[in-house]
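Engineer: Structure in structure tokens, see below.
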Amino acid sequence: SSDNVINIVEVGPRDGLQNESAVIPPATKVELINKLGRAGSRIIEAGSFVSPKWVPQMAGTAEILKKMDKLPDVKYQVLVPNEKGLENLFALLDENPDKPLVDEIAVFTAATDEFSKANTNTTVAESLEKLSRVTRASLERGIQVRGYVSVVITCPYSGKVDPARVRDVTKALLDMGCYEVSLGDTVGTGSPTTVSRMLDSVMSVNPVRKLAGHFHDTFGMGVVNAVTAVDAGIRTLDSSIAGLGGCPFSPGATGNVATEDIIYAFRDSKYRIAGDLEALVDTGFWISDLLKRDNSSRVAKAIRAR
Ligand code: HMG
Ligand code: MG
């Protein structure tokens, strides 16, 4: 049954690359997306329509969407912060009527005003108001909307986060029409104890089948937090190839939990999870080498060392 399926949202091309300071050629991003699709990723976050002044690395997303192969069994998603971003996306879709370039968008807010202001220059309440307009316009065009809540455990600007805030912001995103909300441990301080406490609160009013886990691996807790989320009933996890990533507005936070590590963690379990581990390991080393970065996946390094 579908209860045994764990879905991975591959956020490497977006969360993984947005924090890189060196210019990455569009052809490299296109090849990364294509390699991930061929390695079995089923949902790929391909980029974002944010302000190029705020996040220069994502400026070429339109070009990347036009050039990538759009595989029929893969869903492609982009981050949209506001109406301006949605306008830019719609203009691109109108220019390319024969090729549906994206399947869904993702909107994002936070559990604290401090982070929300640093990330999108708005309070949480203001951002929810703006995002409800974005969500309505996207749904009217037939494009599904995913939501993100950042800083569900700790905020880099205001410290420990009250789980009740995460619960309420999650509900607001679901109420406005998001089909799923991804809970982001942006800073990566979470542990099974604090993640469980947060999930108990969020799940007290929000259906677990509409929740996803997004764990940054700064403290090395990404895998155990993902397993904790699955034990609590969550069936969608965000991860990044080679553990790439970080948010430019969360100083010191490292990348997402590595896709390779998540797949390995659930190998031979009762769960089914898409993705060819060997092809993903190759892809992770390919992009890490190009970025001159150490591969952050412990599983990938262990497999390569054998
Ligand atoms: P702002 O400066 O307040 O925007 O930024 P504004 O509305 O005042 O507009 C200022 C100028 O920007 C105008 O241009 C707008 O047209 C333009 P001007 O008139 O000066 O020439 N503009 C845009 N241009 C392109 N695309 C747009 C756009 N919007 C306005 N969408 C804004 C507000 C939201 C745009 C900005 O703060 C922003 O882009 N923030 C995004 C930050 C970001 O991308 N963060 C990383 C992704 S979130 C994340 O990583 C967390 C997550 O992984 C989960 C987790 O780990 O927690 C999802
Ligand atoms: Mg993130």
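Engineer: Enumerate the helices (runs of 4 or more DSSP H) found wholly within the stretch 75-143, keeping only those where 1 or more residues are within 15 Å of Met58 (Cβ to Cβ).
Structural biologist: Values: elements: 83-95, 113-120, 124-140.
By residue number, 83-95, 113-120.
Engineer: Further question: Take the residues of the stretch 150-180 that are touching a strand residue (DSSP E or B) at 6+ places or on another chain (Cβ under 7 Å) and in a loop (DSSP other than H, G, I, E, B): which is nearest to Glu140 (Cα to Cα)?
Structural biologist: Going residue by residue through the stretch 150-180, those that are touching a strand residue (DSSP E or B) at 6+ places or on another chain (Cβ under 7 Å) are 150-154, 160-161, 166, 169-170, 173-174, 177-180.
Those still in the list that are in a loop (DSSP other than H, G, I, E, B) too: 151-153, 161, 177-179.
Numbers: Val151: 30, Val152: 30, Ile153: 33, Val161: 34, Gly177: 11, Cys178: 13, Tyr179: 14 Å.
Among those residues, the one meeting the criterion is Gly177.
Engineer: Give the residue, chosen from Val11, Val80, that is within 16 Å of ligand 2 (Cβ to nearest atom), in contact (Cβ under 8 Å) with a residue 12 or more places away in the chain, of a type in the set (Val, Ile, Thr) and under 22 Å from Ala226 (Cα atoms).
Structural biologist: On the way: Val80 fails: under 22 Å from Ala226 (Cα atoms).
Checking each option against the conditions leaves just Val11.
Engineer: I would also like to ask the following. Quick check on the stretch 2-21: of everything there that is among the acidic types (Asp, Glu) and surrounded by fewer than 23 Cβ atoms within 10 Å (Cβ to Cβ), which residue is nearest to Val181 (Cα to Cα)?
Structural biologist: If we filter the stretch 2-21 for residues that are among the acidic types (Asp, Glu), which is where we start, we get 3, 10, 15, 20.
Remaining after also requiring surrounded by fewer than 23 Cβ atoms within 10 Å (Cβ to Cβ): 3, 20.
Working: Asp3: 18, Glu20: 26 Å.
Residue satisfying both the conditions and the ranking: Asp3.
Engineer: Which of the residues that make up the stretch 137-171 are touching a Gly at 6+ places or on another chain (Cβ under 7 Å) and within 24 Å of Tyr76 (Cα to Cα)?
Structural biologist: Result: Leu139, Val145, Tyr148, Val149, Ser150.
Engineer: Here's another thing I want to ask about it. Quick check: is even one residue across the stretch 84-102 at pLDDT 95 or above and within 29 Å of Asp294 (Cα to Cα)? So that I can check it myself, show each step before the final result.
Structural biologist: Step one: of the stretch 84-102, the residues at pLDDT 95 or above are 84-95, 101-102.
With the extra rule that they be within 29 Å of Asp294 (Cα to Cα), the set shrinks to none.
The answer is no, given that none of the residues of the stretch 84-102 is at pLDDT 95 or above and within 29 Å of Asp294 (Cα to Cα).
Engineer: State the number of residues belonging to the stretch 214-267 that are among the small types (Gly, Ala, Ser), within 16 Å of ligand 1 (Cβ to nearest atom) and surrounded by fewer than 22 Cβ atoms within 10 Å (Cβ to Cβ).
Structural biologist: Counting residues in the stretch 214-267 that are among the small types (Gly, Ala, Ser), within 16 Å of ligand 1 (Cβ to nearest atom) and surrounded by fewer than 22 Cβ atoms within 10 Å (Cβ to Cβ) gives 1.
Engineer: Which pairs do you get when a residue that is closer than 9 Å to Ala229 by Cβ and touching a residue at least 12 places away in the same chain (Cβ under 8 Å), found in the stretch 206-218, comes within reach of a residue that is of a type in the set (Ser, Thr, Tyr) and within 12 Å of ligand 2 (Cβ to nearest atom), reach meaning Cβ atoms under 8 angstrom, with the pair 6+ apart or on two chains?
Structural biologist: Leu211/Ser182; Ala212/Ser182; Gly213/Ser182
Engineer: Which of the residues spanning the stretch 45-73 are among the aliphatic types (A, V, I, L, M), in contact with a Leu (Cβ under 8 Å, 6 or more places away or on another chain) and either away from ligand 1 (no atom under 14 Å from the Cβ) or part of a loop (DSSP other than H, G, I, E, B) (or both)?
Structural biologist: Val50, Leu65
Engineer: Residues in the stretch 182-192: is at least one more than 15 Å from ligand 1 (Cβ to nearest atom) and either within 26 Å of Thr254 (Cα to Cα) or not in a helix (DSSP H, G or I) (or both)?
Structural biologist: We begin by selecting, within the stretch 182-192, every residue more than 15 Å from ligand 1 (Cβ to nearest atom); these are 191-192.
Keeping just the survivors that are either within 26 Å of Thr254 (Cα to Cα) or not in a helix (DSSP H, G or I) (or both) gives 191-192.
Yes, the stretch 182-192 contains a residue that is more than 15 Å from ligand 1 (Cβ to nearest atom) and either within 26 Å of Thr254 (Cα to Cα) or not in a helix (DSSP H, G or I) (or both).
Engineer: With the condition kept exactly as written, say whether any residue in the stretch 149-172 is modelled with pLDDT of 95 or more, within 18 Å of Glu104 (Cα to Cα) and away from ligand 1 (no atom under 13 Å from the Cβ). Break it down stepwise before answering.
Structural biologist: Our first condition is that a residue be modelled with pLDDT of 95 or more; within the stretch 149-172, this holds for 149-172.
So of that shortlist, the ones also within 18 Å of Glu104 (Cα to Cα) come out as 149.
When the remaining residues are screened for being away from ligand 1 (no atom under 13 Å from the Cβ), the result is none.
No; the residues of the stretch 149-172 include none that is modelled with pLDDT of 95 or more, within 18 Å of Glu104 (Cα to Cα) and away from ligand 1 (no atom under 13 Å from the Cβ).
Engineer: Regarding the stretch 194-203, can at least one residue be identified that is among the charged types (D, E, K, R), part of a strand (DSSP E or B), out of contact with any helix residue (DSSP H, G or I) (no Cβ under 7 Å at 6 or more places or on another chain) and away from ligand 2 (no atom under 14 Å from the Cβ)? Explain how you work it out, then say what you get.
Structural biologist: Here is the first cut: in the stretch 194-203, the ones among the charged types (D, E, K, R) are 197, 200.
Filter once more, keeping what is part of a strand (DSSP E or B): none.
Looking for residues that are among the charged types (D, E, K, R), part of a strand (DSSP E or B), out of contact with any helix residue (DSSP H, G or I) (no Cβ under 7 Å at 6 or more places or on another chain) and away from ligand 2 (no atom under 14 Å from the Cβ), one finds none in the stretch 194-203, hence no.
The values are calculated or read from the model by the stated rules, or taken from the named source; none is laboratory data. Since the structure is predicted, the reported quantities are computational estimates derived from the model, not experimental observations. For neighbour counting, all protein chains shown are included, and Cβ atoms are generated from backbone atoms with ideal geometry for every residue, glycine included.
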